[in-house]
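Quick note: the coordinates plus some simple rules give every number you see, no bench work behind them. Note that this is a predicted model, so its numbers are computed, not measured. Counting neighbours? That spans all protein chains shown, and the Cβs are built from the backbone with ideal geometry, glycine included.
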Amino acid sequence: MTFLWLSIAVFHLFSVMFMGWCLLRLFRSLRRYRFEENPHTLLFGFLKIEHVMFLYVFFVALYIAATTLFIYFLAV
Amino acid sequence: MNPQSYFRGQIETEKIILFSRKHWLAIFPEIVLFFFFLGMFTLILYAFAHFSPTGPLPLLFQVIVVFLIIAIGLLIHHFFLRLIDYFLNVVVITDHRIVDIRKTLLLHDTKESIYFGEIQDVAFTQEGFLKNVLKFGELYITLGGGKEIKVFTHLPNPDYHFRIINDLKNKAFPNARPAV
């Protein structure tokens, strides 16, 4: 089981670091480009980039929690 | 200059008239594929958990589980990077020019300007059922001498963009095409 835990822990760490780095790059980019959004420019008429950023963090957090629980129950 | 809207490389006297992104249908296949593969990988993992052997898990079993979990992680990162890239790619129309910003978070950063003086002709097409119902299409801009045609694909409401560009071009160069 050590192999399973170790591999997943390393990948989870990589995932969080990668997401943080991407969001940091995105924040820098958004500072340089600012546009007044309207329903015609938003994804499906309502999704802003801030919503996508929140969903990204949410999905990664959910993924980490779910896979950790999965391995825990697999090991029991 | 509108302080609420600006972009890197904007001229001080330049005013942003409008900006647009591609139509949501351009990213829709990515969204469908993401949920399809996410569901598929989750189901496979569930099946693995259901049929897992009792006692210590064999190494091959562990390797497959690790592979599946990493695949789900990569899928999530890939999908959200594509979604972010969708937001970063914009076409900006100012009172001086059209700026095509093709940018991705990690790989590309390209900016192309077309000044109204370079534009010879503007055309748009909206062919097909989906394009007419969902109101998107292609905008073709023929540049000086007709040697180069710049195409903007999946542009929402191309008719509106067509009229705006023609108006701005006519304002900038009122005698460019005399009435016959």
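Of note:
- Legend: mean number of C-beta atoms from other chains within 10 angstrom of residue C-beta atoms, peptide B:66-74, equals 5.
- Under 21 Å from B:LYS147, Cα to Cα: lysines that are on another chain or at least 8 residues apart: B:LYS111, B:LYS169
- The helix-based estimate of mean residue ellipticity at 222 nm for chain B, built from -39,500 (n - 2.57) per DSSP H run of four or more residues and divided by its residue count, is -14000 deg cm²/dmol to the nearest 500.
- Shielding by other protein chains, A:15-25, mean Cβ within 10 Å: 2
- Residue-averaged beta-carbon neighbours from other chains (10 angstrom radius) around B:127-135: 0
- Dipole axis of chain B (+1 Lys, Arg; -1 Asp, Glu on Cβ), positive-most option in B:ILE114, B:PHE80, B:ILE70: B:ILE114
- Above-threshold pairs, the threshold being 18 Å between Cα atoms, out of A:LYS48/B:LYS22; B:LYS22/B:LYS150; B:LYS22/B:LYS131; A:LYS48/B:LYS150; B:LYS22/B:LYS103; B:LYS15/B:LYS171: A:LYS48/B:LYS150
- Span from the the stretch B:58-103 Cα centroid across to the the stretch B:107-175 one, whole angstrom: 27 Å
- Each label point was placed 7 Å from the Cα along the Cα-to-Cβ direction; for B:ALA47 and B:ASP167 their separation is 5.7 nm.
- Calculated over chain B: convex hull of Cα atoms, volume per residue (Å³): 176 Å³
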